[in-house]
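*Asks:* Quick one: the structure is below, and I'll ask about it shortly.
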Amino acid sequence: MKRYSRISGTGSYLPPHRLTNADLVADLAAKGVETSHEWIVERTGIHARHFADDGVFSSDLGLAAAQNALQAAGCAAQDIDLIIVATSTPDMVFPSTACILQNKLGANGCAAFDVQAVCSGFIYALTVADSMIKTGAANRALVVGAEVFSRILDFKDRTTCVLFGDGAGAVVLEASDTPGILASDLHADGKYVDILCVPGHVSGGAILGDPLLKMDGQAVFKLAVGLLESAARATLTKANMTDADIDWLVPHQANIRIMQSTARKLKLSMDKVVVTVDQHGNTSAASIPLALDFAVRSGQVKLGETLLLEGVGGGFTWGAVLLSL
Ligand code: UT7
């Protein structure tokens, strides 16, 4: 019998400290940085984001999301034999956030590693977990996207600091004899390293280079709209499906205008697009599993429906996963 992988539970977690645009605009004004609620909403669709308190790490956010996903899947931490964490804001240089999360969860002994593909990280991690389950290398995986992007924001740079937030999302993915994950498509092009990066690194006990996020927003925007469409089409082709087969688009939540553009290209109305960017901002690798969990728990998306997940981010990386829930 053919072996597939299927999502059996979703979970998410947002740190309690919520900042509306008005809160952020006031904080930034006190630092001499001028922006407005109107600009942020018009250009991005963002109304609010959550920031983790000092001392709270990606593994802590990931732990809460993972526990929710395990509960939804009806399984215990000890039933997991693979943990993949997608993050660009790891707790430490090493070991991986996945190892730290594994220990906090009490799933000690199973395989655990991080995937670093920035905002496409969850798409990458889900594809790796699906492949490992299909080959028999794993039976039940925990796939987590967890970020504390507030730690790498330059609060003097209004072009980036209003865009991002913290949070985590997780899914339990397990072996199944009916298809859950239908197809996926991953890409990267390292010639675009400079348009979205945190260029600093640790050397000899010091940080060399800038440890804060830099982005050429317009360049990222222009690339994103084309690449997301091509990844979506390639994934549909691999599954012998068309635009018309998509029940829901669950996109990376960076900017409502990018989502609207992708929806238009795929001939989907916006009421078939899961949108959480308004309340979460851009949570990088956490944004897709966060959006998925919100859509599942609110009853927006239902068992048996066909979902297209897609993301784009630093690297440049991009990709899509088509799945039957
Ligand atoms: O998650 C990874 C993927 N990341 C993305 O997908 C992000 C992609 N890029 C974007 O979402 C958009 O490019 C941004 C939201 C970052 C920027 O929107 P934009 O429509 O491309 O604005 P812009 O960069 O062209 O800036 C327009 C104006 C500029 O002023 P001038 O030169 O026209 O006078 C900026 O200085 O808006 C100004 N501006 C701001 N004004 C008030 C930039 N940031 C702000 C701000 N508040 N926060």
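*Asks:* How many percent of DSSP beta bridges within the chain run antiparallel, rounded to 5?
*Replies:* Restricted to the chain, the bridges split so that about 70 percent are antiparallel.
*Asks:* Hey, can you grab everything whose amide H is under 5 Å from the amide H of residue 275? Only 5+ residues off in sequence or another chain; H modelled, so Pro and N-termini drop out.
*Replies:* Those qualifying (amide H under 5 Å, at least 5 residues apart or on another chain) number zero.
*Asks:* Hey, what do the phi angles of the range 48-55 turn into as Karplus ³J(HN,Hα) couplings, whole Hz, using 6.51/-1.76/1.60 and θ = phi - 60°, x for Gly and Pro?
*Replies:* Calculated HN-Hα couplings, in order: 7, 8, 10, 10, 6, 5, 3, x Hz.
*Asks:* Please work out the ratio of the alpha-carbon Rg of the range 181-324 to 2.2 N^0.38 Å and round it to two decimals.
*Replies:* In units of the globular-protein estimate, the range 181-324 measures up at 1.12.
*Asks:* Roughly how many Å² of residue 4 are accessible to a 1.4 Å probe, to the nearest 10?
*Replies:* We get 50 Å² for residue 4.
*Asks:* With Rg and the Kirkwood Rh both taken from Cα atoms, where does Rg over Rh land for the range 37-192?
*Replies:* Radius of gyration relative to Kirkwood radius: 1.01.
*Asks:* Same structure, new question: Which whole-number percent gives the relative contact order of the chain, counting Cα pairs below 8 Å spaced six or more residues apart?
*Replies:* It rounds to 26 percent for the chain.
*Asks:* Amide H of residue 45: which non-local residues (sequence gap of 5 or more, or other chain) have their own amide H closer than 5 Å, using H built in the peptide plane?
*Replies:* 256
*Asks:* Now for a different question. Can you work out the accessible area per residue across the range 1-160, with the rest of the protein chains kept in place, probe 1.4 Å, in square angstrom?
*Replies:* Counting only protein heavy atoms, the per-residue value for the range 1-160 is 43 Å².
*Asks:* I've got another one for you. Test of understanding: what is the full-extension gain from residue 222 to residue 202, defined as 0.36 nm times their sequence separation minus their Cα-Cα distance?
*Replies:* 4.0 nm
*Asks:* I would also like to ask the following. Below 25 Å, Cα to Cα, which lysines can residue 302 reach? Residues fewer than 8 away in the same chain don't count.
*Replies:* 2, 134, 238, 265, 267, 272
*Asks:* Output the antiparallel fraction of DSSP beta bridges having both residues in the range 4-176, as a percent to the nearest 5.
*Replies:* So the antiparallel bridges in the range 4-176 amount to around 70 percent.
*Asks:* Here is a further query. How big is the gap, in Å, between the Cα center of the range 112-170 and the Cα center of the range 44-58?
*Replies:* 15 Å
*Asks:* Okay, moving on. Whats the longest run of the chain with zero GluC sites (Glu not before Pro) that are DSSP loop and have at most 15 other Cβ atoms within 10 Å?
*Replies:* Longest gap between qualifying sites, sites excluded: 35-304.
*Asks:* Around residue 89, which amide H atoms from residues at least 5 apart in sequence, or from another chain, sit under 5 Å from its own amide H, with H modelled in the peptide plane?
*Replies:* 148
*Asks:* In what order, largest first, do 75, 161, 99 sit by accessible area if the probe radius is 1.4 Å?
*Replies:* So, going from the largest accessible area down, we get 99, 75, 161.
*Asks:* With a 1.4 Å probe and all protein chains left in place, how much of the accessible area of the chain comes from carbon and sulfur atoms, in whole percent?
*Replies:* It is 55 percent, rounded to a whole number.
*Asks:* In nanometres, what is the gap between the two model label sites at residue 240 and residue 92, each 7 Å from Cα along Cα-to-Cβ?
*Replies:* The answer from the label model is 4.9 nm.
*Asks:* Give the residue list of trypsin sites (Lys or Arg not before Pro) in the range 18-105 that are DSSP loop and have at most 11 other beta-carbon atoms within 10 angstrom.
*Replies:* Passing both the DSSP loop test and the Cβ count: 31.
*Asks:* Provide the per-residue ³J(HN,Hα) series for the range 305-315, in order, calculated from phi with Karplus coefficients 6.51, -1.76, 1.60 and θ = phi - 60°, each as a whole number of Hz, with x at glycine and proline positions.
*Replies:* Per-residue couplings from phi come out as 7, 9, 10, 10, 9, 8, x, 8, x, x, x Hz.
*Asks:* I'd like the Karplus ³J(HN,Hα) series for the range 271-283: coefficients 6.51, -1.76, 1.60, θ = phi - 60°, whole numbers in Hz, and an x wherever there's a Gly or Pro.
*Replies:* Working through the residues one at a time gives 7, 10, 10, 7, 10, 10, 4, 4, 9, 10, x, 8, 9 Hz.
*Asks:* Roughly what would the spin-label model give for residue 78 and residue 187, points 7 Å off Cα along C-beta, in nm?
*Replies:* 4.6 nm
*Asks:* Using the Cα atoms of the chain, I'd like the radius of gyration and the largest Cα-Cα distance, Dmax, both in angstrom.
*Replies:* 18.5, 64
*Asks:* At a Cα cut-off below 25 Å, give the lysines reachable from residue 31, other chains included and same-chain residues fewer than 8 away excluded.
*Replies:* The reachable lysines, counting only those whose Cα sits under 25 Å from residue 31, are 156, 214.
*Asks:* Now for a separate question. Where only protein heavy atoms count, and the probe is 1.4 Å, what is the accessible area per residue for the range 181-324 in Å²?
*Replies:* In whole numbers, the range 181-324 has 41 Å² accessible per residue.
The values are calculated or read from the model by the stated rules, or taken from the named source; none is laboratory data. Since the model is a prediction, treat every value here as computed from it, not as a measurement. For neighbour counting, all protein chains shown are included, and Cβ atoms are generated from backbone atoms with ideal geometry for every residue, glycine included. Accessible surface is based on the protein model in full, side chains and every heavy atom, while ligands, DNA and RNA are left aside. Shrake-Rupley method; radii C 1.70, N 1.55, O 1.52, S 1.80 Å.
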